[in-house]
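The values are calculated or read from the model by the stated rules, or taken from the named source; none is laboratory data. Since the structure is predicted, the reported quantities are computational estimates derived from the model, not experimental observations. Cβ placement follows ideal geometry from the backbone for every residue including glycine, while neighbour counts extend to all protein chains displayed.
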Amino acid sequence: MTADAKDCDGKAFSVLRCNAVRVGVFLVVSALLVRGAVCWRSLEQYSADPDAYRAIAETLGVTGIFGLTADSGEVIATAFRPPLYPTVLSWLLVNQNLSNAAVAYLHTLLGVVAVLFTYLAALSMLPRNTSFWGPAGAAILVMVDPLLLQQSTVLMTETLATTIVCLIFWWWSACRHRVHDVLFAVVLGGLLSLAFLARPTFLAWAVLLVFAWFVFEMVAFGSVSKKSWKQRLVPAAVPCGVVMVALTIVVAGWMLRNVRAVGHPVWATTHGGYTLLLGNNPSFYQYLRTGWNREKWDSEPFQIAYSHRYDGDPRTEGFWQRNWEGRRRVQDQSVIAVVTEHSDDLLAYESAKAVIRRQPRMFLWSAGVRVCRLWNPFPGAVGGRQSWLLRLVGIYGCCLYVAMLLGAGRLGRRLFTAKWLPVLTLLVTLTAVHAVYWSNIRMRAPAVPAIALLAAAAIPPLRGRSESAEDAERDTVCG
């Protein structure tokens, strides 16, 4: 290659890098304005604490104990919620209180990071002949997604979980073949561990991802050489093993903390039994037999019965057939003295499993309903939401799904390569887990970046462009 040709290539790469940076800066500024405006406009909504994250964060920040403060002032350790989000909130306390403004700042920052790393991941994942339109399109979809915007205005984990997912997508797609295998695995294990600490469901995602990665690595090694099975095994198993070791250390650390704090090796939370029972109880099953597609389930009868769970045996059918009148506000002291957070969760699990054993066909039907609810593009009519807005959001969701299917079709066989493993395994994991546990559209918020990446793949190639050397350079611009 002549000196002039090298100089020309250098200039082309410099222009390409500048364009990538300009697009990235534009997306960051836009995300800051959009997410910031939404968060600050909804500032008062952060006062609500439906899942007790604020209460746990303030207790943790003041006392150093991950728990709740009773009316009497007693601090009670808990494993009711995953630890990462309340821990982050506890860092923002001022004068022992968590201000709404601090939450708005945090959610705005997380939203900007999610948009930026969706863009960086898309630079490596999307077809190169879409230039920067495809990656920018994926980032914009994450920026303006109605579900993510709505979740950024409430004190829940979806915003943090989604941002971690974007970081994992970027690290996997941009760095898997550009850093040492062990270093890549250590960072990946750390990110997946953070995802688990934000949302225990992600542990299933991590295990499925690592297993699929191992299988793909074994196939890849086998296709490029004549090495023996044992020789192929080590290069494929070492990075996967490193990730699993990192995950095991973090999960074991959380379990050890729970042994010391709540007396039992809880690996996830003590809330799982309730969410399983919420989606598998006689009241909900009866609702599915009648008008599940015409009206919203009234959970009040279930909540009333559940509040009386120590006045009878919720594992029996007769308990749920009994006509309980009014919620039980305070349990007997004799019950409170022997019931623990773990035993209460275990009772809910056993009650749900008993319902499933008695009605296995309804469980299968309810699993299908829960999957439909998870991926339903139309949000439910709750909280005084205006019908026209719900329809608009639903139409947007339908268009997004159509684009996702078109993008998957355009990718073709490339979709089933190692590059897209985190996306595919995340979609499979969320569907499988929430087919069993309680489900609504809020649960799919962390999957929005995956949907956006697939939808952006539907952008048609720019006229006259092909997978040229210039396009290949695009993948190296931002990692």
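Touching a Ser or Thr at 6+ places or on another chain (Cβ under 6 Å), crowded, with 24+ Cβ neighbours inside 10 Å and aliphatic (A, V, I, L, M): does that describe Val142? Before the answer, list the steps.
Working: touching a Ser or Thr at 6+ places or on another chain (Cβ under 6 Å): yes; crowded, with 24+ Cβ neighbours inside 10 Å: yes; aliphatic (A, V, I, L, M): yes.
It is true that Val142 is touching a Ser or Thr at 6+ places or on another chain (Cβ under 6 Å), crowded, with 24+ Cβ neighbours inside 10 Å and aliphatic (A, V, I, L, M).
Would you confirm whether or not segment 412-433 contains a residue that is outside any helix (DSSP H, G or I), among the polar types (S, T, N, Q) and crowded, with 18+ Cβ neighbours inside 10 Å?
no
So His177 ticks every box in (1) assigned to a helix (DSSP H, G or I); (2) without any contact (Cβ under 8 Å) to a residue 40 or more places away in the chain; (3) surrounded by fewer than 23 Cβ atoms within 10 Å (Cβ to Cβ) but one. Which box is left unticked?
(1)
Can you list residue pairs whose Cβ atoms sit under 7 Å apart, with the first residue in segment 79-92 being touching a residue at least 24 places away in the same chain (Cβ under 8 Å) and the second being part of a helix (DSSP H, G or I) and of a type in the set (Ser, Thr, Tyr)? Count only pairs 6 or more apart in sequence or on different chains.
Within 7 Å, the pairs are Arg81/Tyr53; Tyr85/Tyr53; Pro86/Tyr53; Leu89/Tyr53.
Show the residue pairs meeting these rules: Cβ distance below 9 Å; 6+ apart or different chains; first residue within segment 57-74 and surrounded by 14 or more Cβ atoms within 10 Å (Cβ to Cβ); second residue of a type in the set (Asp, Glu).
Thr69/Glu58
Out of the residues in segment 75-96 that are of a type in the set (S, T, N, Q) and over 25 Å from the mean Cα position of the chain (by Cα), state the one that is surrounded by the fewest Cβ atoms within 10 Å (Cβ to Cβ).
Checking each candidate, the answer is Asn95.
Only one residue in Leu149, Leu141 is over 24 Å from Thr87 (Cα atoms) and in contact (Cβ under 8 Å) with a residue 12 or more places away in the chain, so which one is that?
Leu141
May I ask you to list the residues in segment 233-256 that are buried (at least 19 other Cβ atoms within 10 Å of the Cβ), more than 21 Å from the chain's Cα centre (by Cα) and within 16 Å of Phe216 (Cβ to Cβ)?
Ala236, Pro239, Cys240
Please verify whether segment 97-119 includes one or more residues that are at pLDDT below 95 and more than 17 Å from the chain's Cα centre (by Cα).
Looking for residues that are at pLDDT below 95 and more than 17 Å from the chain's Cα centre (by Cα), one finds at least one in segment 97-119, hence yes.
Mind checking which pairs have a first residue in segment 205-224 that is of a type outside the set (Phe, Trp, Tyr) and a second that is surrounded by fewer than 17 Cβ atoms within 10 Å (Cβ to Cβ) and at pLDDT 95 or above, Cβ under 8 Å, 6 or more apart or different chains?
Once the first residue is of a type outside the set (Phe, Trp, Tyr) and sits in segment 205-224, its partners that are surrounded by fewer than 17 Cβ atoms within 10 Å (Cβ to Cβ) and at pLDDT 95 or above give Leu208/Val428.
Filter segment 46-56 down to residues that are in a helix (DSSP H, G or I) and in contact (Cβ under 8 Å) with a residue 24 or more places away in the chain and give me whichever is nearest to Arg257 (Cα to Cα).
The residue in question is Ile56.
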